[in-house]
Each structure stands twice: as C-alpha cells, then as structure tokens.
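Read-outs: derived from the displayed coordinates by stated rules, not from any lab. All of these numbers come straight from a predicted model, not from anything done at the bench. Cβ atoms come from the backbone with ideal geometry, glycine included; neighbour counts cover every protein chain shown.
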Amino acid sequence: MSILHRADPEVAAIIDDERTRQIESLEMIASENYASAAVLEATGSVFTNKYAEGYPGKRYYAGNQHSDRLEQLAIDRAKQLFGAEHANVQPTSGAEANMAAYLAFANPGDTIMGMELSQGGHLTHGSPVNFSGRLYRFVPYTVDRETETIDMAEVRRLALEHRPRIIVSGATAYPRTIDFAAFAEIAREAGALLMADISHIAGLVAGGVHPSPVPCADIVTTTTHKTLRGPRGALALCKAEHAEALDRGVFPGTQGGPHLHSIAAKAVAFGEALRPEFKAYAAQVVRNAAVLAEELMRAGIRLVSGGTDNHLILVDCNSVGISGLKAQNALQGAGIITNRNTIPYDQRSAYVTSGLRLGTPALTSRGMKEDEMRRVAAWIIRVLKDPDGEGVRDAVRAEVAEFARAYPVPGITDAEPVA
Ligand code: PLP
C-alpha cells in the first residue's frame, strides 16, 4: 500500500481510477501525452516546498543554492534543444507564457494579430472572453476557404493595414506546416514583432520534423506537456536583445514564485528530448498521423485541408452526417478519447461543433506504429459510421481495452517512453 493510500484513501482511489482509465483507453487528444516516470518523479520532488522568486543568482529568498543550479540546468538544456539565445523556464502554463510575452512587448490597447479562434487559433490569441481579447485589440487572420490553409496573402494585407505591435503565429487545431519564415518576412515589412506559439508542435520542432521558428521569430512560447512530453508547464524563448523584457514579463510581470518542481521536470524532459531517440519518436508521431489520415479518407471521411503534415487531424464530421459533439461522445463510449473542435467556417456553435480533433502523440509514446494506426482507424470508422449503435460501441470498447492494455503507458507501468 502506498503512502497516499494510507494517508488519504479517498484521493488515492480516484488516482487509481484515472490510472486505469489511461491504461485502458486510447488517448487521442492532440494536446495530451504521457510523461516518463523520471518526469513524474521530478514533478513530485521536494522542490515543491521551495520559494525562489527571481532568477538564478538573483533571488528574493534564501536557501536557493540548489534552485539556482536546477533552473540554470533547465535553461541551458532548453537553449540547446531549440538553438535559442535565451530561455525562460518559469511560465507555469501556456496561457501564462503568452500573457507574459504580450505584457513584455505590447501595451494594453495595442493591436496584435492572431489566428481566428474558430479556425484553429488558441483562446489566448484574442478570444473576447480571455485576457488577450479584453486587454489588446486583436485582429484575426483566417484560412483560405478552398485550401483551408493559412491565407498568407491575407496575413500580409491585414498586417500592412493594421500595423500590429505583435503578430502571433501558431495554432491549437491546425493540421498543416506553419511557414514561420513567411510570417517573419511579413512582420518585418509591417514593423511588428513575430511571436510563435509552438505549444502543439514543440516536440516536432525539437525532433526536427517541423521547421523551427527560433531563427526567425522574436519570441517563441510553448507548453511543455504536449508533443514535448514534459510536465504541465511552459517555456519562453527569445533573441538575446529581448531577454530582459521577456524575463520581466514573466517575473514580476505575471507570476510570483516559480514552480521549481515543474522546472526540475522540465529539465528532465528537455534532457530526454535531446536524445536521438526523441527524433525517432517525433518522426513516428508524424508518420502515424499520416497513416491515420489516409485510412479515414479512404473510408470517405473528409479531413480539413485534405490531410495532415503534423501530429493532428481535423475531421469534418459533416461527412458522416453528425456533429463533433456526437462524434466525441460516441468515441468516448468506445474507449477512444478525442475532443470536438470547430472547423473553418463552421455552421455549428463552438459547443456542438462540426469537427473532431485527433492526435497521435500519446499513442506513439506507447509504441504504436503504422499497423496499430490502421486498427485504430478501423475502430474510429466503425463508431463514426454508426454513432448510435450500442452494439458497435460495446464491441469496440471491449476490443480497445484489450488492445490498449498490451501497450504499456510510460510513467504508469514500467515502460520507458517509446521512440
Ligand atoms: N497556446 C496553444 C497554441 C495551445 O494549444 C494551448 C493549450 O492548448 C495553450 C497556448 C495554453 O496552454 P495551457 O493550457 O498550459 O495554458
């Protein structure tokens, strides 16, 4: 019996149930992954106990000799991993990293450009219900109706018309390669700073299977828990000339004491991502998504933009005559965990949606490859084509649970994350 089971059996039982859920289901939410046992151990370490406001060598509390070593190690690894001039490893979440970046480089009321939320942008890229949309004047850019890829001509036109302080590139539900170099050229022409939010694709960038924005963007923000496979948290990178402003945007601008336990886990995750195996992992994530996309399209299911270049797929559920909400719920009943999402120019509300977002990062961490993707695609197709069929759902759920148990979950079973 673990210490937690003795100390608080109620919480321990809930954690046990979640562990079983993770082992028995197929996790296909594009923003989720399985952190390694080493990352989890660092997250649960004694650094939870320590306050360390400030930065290495300049703290506002005593007793930080080991905090300084830890944070410096995380910074050095992040810089090495992404080839960045400066790294701030303190942001506690992707939203907070973006808030710190806006605070550092724009004033309230300034114009910022970001991707239209209903077409793939993130809440923090200008939603009216988010701090971003309330404090700044966001001008959204969209995707082309035909190709469903970012309309770079429109980005340029809007940038020259509105002269934003910052242009945000990056997305939360965009299946195609983002041309950061083209964004950088437009930003230069318009006199704007380029910020790249690579939260979704950071692991692909680190693994060399998506172009990096680091050489051409002024500021890069990312979460650490998605394709990068670290702890929940975030990271901000920038050119040396912006280092001081960015650091002040994080602390004291938007947060107090850093979460050193998360920084310990980020250092571990960056160390893992620096190994050659991680490159193989990132490449497999992309290959798996491509096979999944091919199988779904062969079954007559329409994908936004006609496929994928990265770790995610956006299914147009209209092609099977159901909403995203219905698709998500039917798949959950079958043990396949996804999330509904709007698609470009969606006719349904953001709550119901016409889309379904599927991702391969977590399944790939369990060691699944192309053959497994074909089996997963077959289950998804069966459920989407008969979303009300309880028989189909029950049969698929049983098959999925047996199949899933055969692929150890890193951090839960003894398995190492798979390359
Ligand atoms: N930016 C992008 C592009 C994201 O996809 C997300 C999360 O999904 C975030 C920022 C926010 O990250 P967090 O949930 O850690 O605040």
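Sort all Cα-Cα distances of region 305-397 into consecutive 5 angstrom bins from zero, then give the percent of pairs in each bin up to the one containing the longest distance.
Reading the bins upward from 0: 3, 14, 24, 25, 20, 11, 3, 0.
Enter the Cα centre distance for the pair region 183-247 and region 372-410, rounded to the nearest angstrom.
36
Set the Förster distance to 45 Å, then compute FRET efficiency between M152 and V46 from the Cβ-Cβ distance, nearest 0.05.
Result of the calculation: an efficiency of 0.40.
Using +1 at the C-beta of Lys and Arg and -1 at the C-beta of Asp and Glu, which of P128, G54, Q90 has the Cα lying farthest in the positive direction of the dipole of region 45-274?
G54
Nothing charged except the Cβ atoms of Lys and Arg (+1) and of Asp and Glu (-1): what's the magnitude of the dipole of the chain about its Cα centre? Round to the nearest 20 debye.
Roughly 280 debye, rounded to the nearest 20.
Hey, what did the chain get for relative contact order, percent, Cα under 8 Å, at least 6 apart?
Here the relative contact order equals 23 percent.
With unit charges on the beta carbon (Lys/Arg positive, Asp/Glu negative), name the residue among T172, P252, A159 whose Cα is farthest towards the positive pole of the charge dipole of the chain.
It is P252.
Counting only Cα, what are the radius of gyration and maximum Cα-Cα distance Dmax of region 45-274, in Å?
Rg then Dmax for region 45-274, in Å: 17.1, 59.
Which log10 I(q)/I(0) values does the chain give at q = 0.06, 0.07, 0.11, 0.12 Å⁻¹ under the Debye formula, counting every alpha carbon as one identical point scatterer?
-0.24, -0.33, -0.84, -0.99
With viscosity set to 1.002 mPa s at 20 °C, what whole-number translational diffusion coefficient in µm²/s follows for region 305-358 from Stokes-Einstein and a Kirkwood radius over Cα pairs?
In µm²/s, the coefficient rounds to 193.
Among T227, I14, Y141, which residue has its Cα positioned farthest towards the positive end of the charge dipole of the chain, with +1 placed on the Cβ of Lys and Arg, -1 on the Cβ of Asp and Glu, and the dipole taken about the Cα centre?
The residue sitting most towards the positive pole is Y141.
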